[in-house]
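Please read the structure below before turning to the comments.
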Amino acid sequence: MGPVLLLISTLLSSYFHSGRTIDVPTTFTIRNITLAIEPNTDVIRDTNVTVRCKAIVSSSGEQPLSRSYTIYKDSYEVYTKTTSSSEDLLYPLPQARVSNTGKYKCKIDIEGRQMVSNSKKLTVTGLSRPMFHINKGVVTEGEEVTARCAAPQETGSIFFYFYEDSKEIVEERVSSNQAEVKLRFSSAGIRRIHCDYTVLITPDSIKSSESNIATVSVKELFITPVLEIFPEYNIYEGDRLDISCTIRNSPYSSQAVNLFLSQGTQLLSNGNSKVNYSMIALAKDSGEFECRLEMGNVVKVATKMVSVTELFSVPTLTMSPAEVFPGDDMRLTCRSENHASERLHRDEVTYTIYPLESHLSASRQAGVFSGKTLLYDFNYTCTAQAKGIVKRSRILTVRPKVSVSQPKISLLGKVIVGRPFEIRCQSDRGSLPINYTLWRKNNWLNTTTVKLPDEQAVFTITIQRSDEISQFMCEAQNNLHANGILSKSLNGTVTVPLSDPKLTVNPSLADIAEGDHIHLNCAIRGTWPVTFKWYRTGIAQPLYTTTSKQTSMDFQIPSLGSQDSGTYYCEAINDANNLVRSPSVTIEVHMAMWKKAVIVAACLLVVAVLVLLLVLRFKAKRGKREAAAELSVKPSSPKSDDSFAVNLIHDKEVYNAATVRVDKAVTSVWSERPANAASDEESSVASSEPDVEYTEVVHPQPADPARVPLRKGTDTVYSELQNSPQGAADHHDYQGSVEYAELNAEQLEINHTQPEVNNQQDLLVPVD
């Protein structure tokens with residue numbers, strides 16, 4: 001580091017000894033800049049105003065900074081100053097004027113860095129009164145006067161205005177505070193002249209008060225134009241007019257004087273001191289003639305009215321007849337309707353037609369020309385001439401009419417029976433006007449006239465049958481001297497509104513069963529195409545829709561089910577837009593035959609099963625009763641079997657009678673059982689415990705030989721029967737019940753001499 005410091009020290013020492021300084025860059029920042037107007041922003045004229053621009057700048061060095069200030073007024077640069085002083089910049093406005101009014105702002109620029117202050121508006125009120133001056137107070141007509149208007153001490157853009165009385169006569173814009181103009185007065189009299197001015201301050205302007213008034217006396221210049229016309233009265237066409245325009249009291253030098261002779265806008269002649277003009281008078285020359293004198297700014301005029309009586313009127317050219325066809329005879333007439341009888345006889349007027357073609361010839365009557373009409377349009381004109389006066393008529397265009405061609409008859413829109421429709425009749429060729437007539441067979445219906453190219457012959461008609469459409473014809477005519485031309489018969493499509501809707505069901509309603517196919521036929525009367533729709537009551541949307549060129553259509557419902565029962569109807573519509581609806585048809589889908597057979601078979605099967613069950617039950621109970629009877633015949637006392645059998649054999653008839661009564665009693669018991677016996681039987685069958693049924697059987701007691709006489713009586717025997725689980729009756733509703741059969745029989749005497757019974761089984765008669 002030692003050598004480096006030594007080198008730097010040596011360089012600095014040599015630099016200072018050489019008398020130079022080192023420029024060290026100064027770091028700065030512009031902190032703020034403001035603008036102020038002193039003493040106030042609102043002042044009156046002649047106030048000394050100062051615009052102060054103050055900038056606050058912070059810097060790191062002691063070297064002064066170069067500052068560039070710019071003052072703006074209404075965005076326009078008005079003052080610029082560059083300084084190294086840090087003091088405020090002052091922009092003086094000594095004796096401020098209205099033109100100093102505006103918005104001011106200040107900008108500072110230091111080494112490319114800029115800052116703009118806020119803006120402030122200075123308003124200066126009060127304008128000085130204008131001063132007006134003229135160089136002459138007395139002048140003659142046309143003499144020039146110099147007028148000057150000044151705005152003392154005012155600056156800016158100024159407009160000066162000069163007035164004669166209250167009427168503005170001159171406007172002048174200048175960049176100074178005074179304006180000078182030249183004024184001339186064309187008529188004698190006293191003129192009062194003054195001025196004022198306006199200072200323009202964007203976007204406004206301020207008007208001053210009025211100046212003093214200067215009076216100018218204008219003397220009349222005794223020089224006048226003179227207009228003379230000969231003759232002055234009773235002038236007729238063909239008369240010669242002599243007109244002169246001169247100056248009275250002409251000055252010594254007439255070089256500055258100009259004379260102009262004119263009629264309306266037509267200049268007839270001009271000169272310096274005198275103008276003469278001659279002409280043959282015509283009716284169109286009636287009017288005002290003018291002699292005009294101009295000398296500098298002085299203008300004087302003399303006028304006279306001239307009335308020229310028409311010798312004869314302008315001829316008119318007419319044609320007869322008014323309408324002609326090619327090759328027709330025509331007559332052209334040229335005639336002047338009026339003439340001055342005191343000066344001219346009608347026969348003195350001669351007429352000529354132009355162009356005089358070979359197809360026209362003059363008749364004995366003056367102004368009448370005859371000939372044949374050409375095949376094309378032609379323009380004609382004629383002239384009337386008398387005493388050197390020639391007058392031409394307006395152009396007459398003869399347009400031969402074109403014969404009408406065969407008309408075409410056609411329909412406009414749809415034709416619906418019973419409703420009004422339109423028929424159009426039109427010819428492709430023919431001059432207007434054309435008369436169109438509508439005929440129905442040989443009957444006249446109506447006539448209409450077409451006068452304009454865009455017109456059409458349209459007739460409104462109503463028919464009641466479709467075949468009536470061909471009965472109409474149209475006739476066209478544009479020549480009153482010829483017959484009309486007929487069209488062909490009308491041809492077109494006629495729509496018959498729908499009627500008589502009918503819905504038919506096939507097969508018939510009585511034969512409809514499940515699984516069948518039916519056809520719903522919707523038939524109407526009217527013109528196709530027809531749109532058919534089938535509906536079922538309760539369903540908003542149609543079941544089926546179709547459009548057909550037939551007046552009858554089918555809708556098939558395959559494989560009917562019970563859900564297809566209901567009320568059906570159909571609707572139809574065609575181009576007539578009349579919707580028709582058929583009467584409703586109610587369809588009831590019956591049960592299929594095979595279902596009925598199945599139900600009958602099922603019922604028969606149930607009955608057969610029930611019968612079989614009853615039979616089986618009956619047999620089972622009969623078997624039980626037989627077993628019970630076998631048990632009841634056993635002896636109740638210790639007797640021999642043989643004696644017991646012998647007693648039974650003697651009482652056989654008694655047993656048989658008792659058996660019959662027991663059967664009746666059992667049958668009565670079974671017939672009085674409730675209806676749910678079958679279900680009860682099922683419950684009994686389902687039970688695992690067998691039911692025990694007690695049957696009381698009465699047997700006749702054997703005769704006791706030891707007792708005489710025999711006593712009538714009965715012994716009751718109870719036998720216990722166990723029901724079979726398969727066919728036993730249900731005793732759920734009759735718990736603890738016992739079928740009881742009491743047999744009462746008289747005790748018969750037993751003949752011990754009856755034959756002996758060899759087989760005991762003969763006594764086993766079943767007890768029912």
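Has segment 598-611 got any residue that is at pLDDT below 80, hydrophobic (A, V, I, L, M, F, W, C), loosely packed, with under 12 Cβ neighbours inside 10 Å and farther than 30 Å from Ile416 by Cβ? No, segment 598-611 contains no residue that is at pLDDT below 80, hydrophobic (A, V, I, L, M, F, W, C), loosely packed, with under 12 Cβ neighbours inside 10 Å and farther than 30 Å from Ile416 by Cβ. Every residue in segment 622-650 that is open to solvent by less than 40 Å² (accessible area, probe 1.4 Å) and either modelled with pLDDT of 85 or more or among the hydroxyl-bearing types (Ser, Thr, Tyr) (or both), please. Within segment 622-650, Ser632 is the sole residue that qualifies.
Kindly indicate whether any position in segment 315-327 is more than 29 Å from Leu374 (Cβ to Cβ) and open to solvent by 20 Å² or more (accessible area, probe 1.4 Å). Looking for residues that are more than 29 Å from Leu374 (Cβ to Cβ) and open to solvent by 20 Å² or more (accessible area, probe 1.4 Å), one finds none in segment 315-327, hence no. In segment 484-530, of all residues being buried (at least 16 other Cβ atoms within 10 Å of the Cβ) and among the hydroxyl-bearing types (Ser, Thr, Tyr), the one that is farthest from Ala576 (Cα to Cα) corresponds to Ser487.
When you scan segment 286-304, do you find a residue that is at pLDDT 85 or above and not in a strand (DSSP E or B), even just one? Yes: segment 286-304 contains one or more residues that are at pLDDT 85 or above and not in a strand (DSSP E or B).
Sort out which residues of segment 505-527 are under 28 Å from Arg465 (Cα atoms) and free of Cβ contacts under 8 Å to residues at least 40 places away in the same chain, and write them in order of number. Quick ask: steps written out before the conclusion?
If we filter segment 505-527 for residues that are under 28 Å from Arg465 (Cα atoms), which is where we start, we get 521-527.
Listed by number, the residues that qualify are Asn521, Ala523, Arg525.
With respect to the conditions (1) closer than 30 Å to Leu344 by Cβ; (2) within 60 Å of the chain's Cα centre (by Cα); (3) not small (Gly, Ala, Ser), Pro231 lacks only one, and its number is (2).
Pairing residues of segment 475-488 that are over 16 Å from Val324 (Cα atoms) and charged (D, E, K, R) with residues that are open to solvent by 50 Å² or more (accessible area, probe 1.4 Å) and modelled with pLDDT of 90 or more, at Cβ distances under 9 Å and at least 6 apart in sequence or on separate chains, gives Glu475/Trp439; Glu475/Thr447; Glu475/Ile485; Glu475/Leu486; Lys488/Gln406; Lys488/Lys408; Lys488/Met473. Tallying residues that are surrounded by fewer than 15 Cβ atoms within 10 Å (Cβ to Cβ), modelled with pLDDT of 90 or more and among the acidic types (Asp, Glu) within segment 163-177 yields 2. Entry remark, segment 257-268: residues being assigned to a strand (DSSP E or B) and loosely packed, with under 14 Cβ neighbours inside 10 Å number 2 in total. Screening segment 313-412 for strands (runs of 3 or more DSSP E) wholly inside it with 3 or more residues that are among the charged types (D, E, K, R) returns the ranges 329-335. Of all the residues in segment 451-476, those that are exposed (fewer than 12 other Cβ atoms within 10 Å of the Cβ) and assigned to a loop (DSSP other than H, G, I, E, B) number 6.
Note on segment 534-574: residues that are assigned to a strand (DSSP E or B), free of Cβ contacts under 8 Å to residues at least 60 places away in the same chain and open to solvent by less than 70 Å² (accessible area, probe 1.4 Å) total 12. With respect to the stated conditions, Glu210 is assigned to a loop (DSSP other than H, G, I, E, B), more than 30 Å from Gly388 (Cβ to Cβ) and open to solvent by 40 Å² or more (accessible area, probe 1.4 Å).
Would you list the strands (runs of 3 or more DSSP E) that sit entirely within segment 21-77 and hold 1 or more residues that are free of Cβ contacts under 8 Å to residues at least 60 places away in the same chain? Give the derivation first.
On the way: elements: 28-38, 42-44, 49-59, 67-73.
Filter on segment 21-77 gives 28-38, 49-59, 67-73.
Restricting attention to segment 100-116, does a residue exist that is on the phi > 0 side of the Ramachandran plot and in a strand (DSSP E or B)? Yes, there is a match, as at least one residue in segment 100-116 is on the phi > 0 side of the Ramachandran plot and in a strand (DSSP E or B).
Summed over segment 369-416, residues that are closer than 30 Å to Arg240 by Cα and of a type in the set (Lys, Arg) total 4. Taking the numbered list (1) surrounded by 13 or more Cβ atoms within 10 Å (Cβ to Cβ); (2) modelled with pLDDT of 90 or more; (3) not hydrophobic (A, V, I, L, M, F, W, C) in turn, Ser254 passes all entries but (2). Comparison of Leu227, Leu221 shows that the only residue that is part of a strand (DSSP E or B) and either crowded, with 18+ Cβ neighbours inside 10 Å or in contact (Cβ under 8 Å) with a residue 24 or more places away in the chain (or both) is Leu227.
Ser361: of a type in the set (Ser, Thr, Tyr) and free of Cβ contacts under 8 Å to residues at least 12 places away in the same chain, yes or no? Spell out how you get there, then give the answer.
Working: of a type in the set (Ser, Thr, Tyr): yes; free of Cβ contacts under 8 Å to residues at least 12 places away in the same chain: yes.
Considered against the rule, which asks whether it is of a type in the set (Ser, Thr, Tyr) and free of Cβ contacts under 8 Å to residues at least 12 places away in the same chain, Ser361 comes out as yes.
Here is the figure for segment 224-280: residues that are under 23 Å from Ser187 (Cα atoms) and of a type in the set (Phe, Trp, Tyr) total 2.
The values are calculated or read from the model by the stated rules, or taken from the named source; none is laboratory data. None of the values given here were measured: they were computed from a predicted structure. Cβ sites come from the backbone with ideal geometry, for glycine too, and all protein chains shown count toward neighbours. To get the accessible areas, we keep the full protein, side chains included, count just its heavy atoms, and leave off ligands, DNA and RNA. Shrake-Rupley method; radii C 1.70, N 1.55, O 1.52, S 1.80 Å.
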